[in-house]
Amino acid sequence: MHQLSDTAGIVLRTLDGSDWGAVRRHLLRLATRERQERFGHLAGDDSLRDYCDHLERSDAVLVGAYADGEIRGLAELVLLDGQPAAAAELAVSVHRSYQSRGIGTAIIARALTLARERGIHLVSMKCRWGNRRMRRLAKALGARVSVRDGEVDGVLRLQWPTAP
Ligand SMILES: CC(C)(COP(=O)(O)OP(=O)(O)OC[C@H]1O[C@@H](n2cnc3c(N)ncnc32)[C@H](O)[C@@H]1OP(=O)(O)O)[C@@H](O)C(=O)NCCC(=O)NCCS
């Protein structure tokens, strides 16, 4: 997998209430293609604002990659309702001009560490079949991948460290 390269000025961290403005700006700055790939459809600004309101009320765990004072990469880990408590869905987005530097790989790795700490066993990652980057990421992580109606669902069973 990609190592985080050109790391100067990029800071990864778990986000909290003070980051909501930056989270909104990040999602609203996504270009057409990134919006389509992230949400499965061309989400307009109003729908993104609604989504942010929903996200803010949820118990999602967020990891951000900050550069130049703004979030350039975001990983969202959302517990799945109606599933065993230990299942979550992971979605990621990196601004186009920051892609292919390892940011996606790094924020996913951080989100999976947080998932383990919260006792989550299964993490699902969805994308369209044409999303080669995301498919590569899912494959590199060892996700079990299924395809239905052009949508890829990669399921990752998290390994936990065992006591010596
Ligand atoms: C998917 C996404 C998060 C990846 O972020 P990123 O920062 O570019 O990821 P990385 O730099 O860590 O690279 C990830 C992999 O994609 C590969 N990749 C990079 N550019 C690529 C390209 N043009 N075509 C195919 N694969 C490519 C990298 O080589 C890497 O694979 P490797 O580790 O096996 O070499 C980013 O492209 C994105 O935000 N896309 C729009 C939203 C989206 O698709 N989200 C996923 C569904 S929720």
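Nothing in this text is a laboratory measurement; each read-out follows from the coordinates by a stated rule. In this text, all values refer to a predicted model and were calculated from it rather than measured experimentally. Please note: Cβ atoms are built from the backbone with ideal geometry, for glycine as well, and neighbour counts cover all protein chains shown.
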Which ones in segment 115-139 are surrounded by 11 or more Cβ atoms within 10 Å (Cβ to Cβ), under 23 Å from residue 42 (Cβ atoms) and of a type in the set (Lys, Arg)? 126, 128, 133, 135
Could you list, in sequence order, all residues of segment 46-69 that are free of Cβ contacts under 8 Å to residues at least 12 places away in the same chain and either surrounded by 18 or more Cβ atoms within 10 Å (Cβ to Cβ) or at positive phi (or both)? 69
Read through the list (1) of a type outside the set (Ser, Thr, Tyr); (2) surrounded by fewer than 15 Cβ atoms within 10 Å (Cβ to Cβ); (3) part of a helix (DSSP H, G or I), then give the number of the only condition that residue 142 fails. (3)
May I ask you to list the residues in segment 89-115 that are more than 7 Å from the ligand (Cβ to nearest atom), within 16 Å of residue 29 (Cα to Cα) and of a type outside the set (Ser, Thr, Tyr)? 95, 96
Please determine, by comparing only the residues of segment 108-164 that are under 15 Å from residue 61 (Cβ atoms) and of a type in the set (D, E, K, R), which one is nearest to the chain's Cα centre (by Cα). 110
If you go through segment 24-36 one residue at a time, do you hit one that is within 16 Å of the ligand (Cβ to nearest atom), touching a Phe, Trp or Tyr at 6+ places or on another chain (Cβ under 8 Å) and not small (Gly, Ala, Ser)? yes
Apart from one, (1) out of contact with any Asp or Glu (no Cβ under 7 Å at 6 or more places or on another chain); (2) more than 21 Å from residue 21 (Cβ to Cβ); (3) part of a strand (DSSP E or B); (4) of a type in the set (Ser, Thr, Tyr) all hold for residue 124; the odd one out is (1)
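Quick grid of which residues meet (1) within 27 Å of residue 118 (Cβ to Cβ); (2) of a type outside the set (Val, Ile, Thr):
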{"residue": "10", "(1), (2)": "yes, no"}
{"residue": "18", "(1), (2)": "yes, yes"}
{"residue": "21", "(1), (2)": "yes, yes"}
{"residue": "25", "(1), (2)": "yes, yes"}
{"residue": "33", "(1), (2)": "no, yes"}
{"residue": "46", "(1), (2)": "no, yes"}
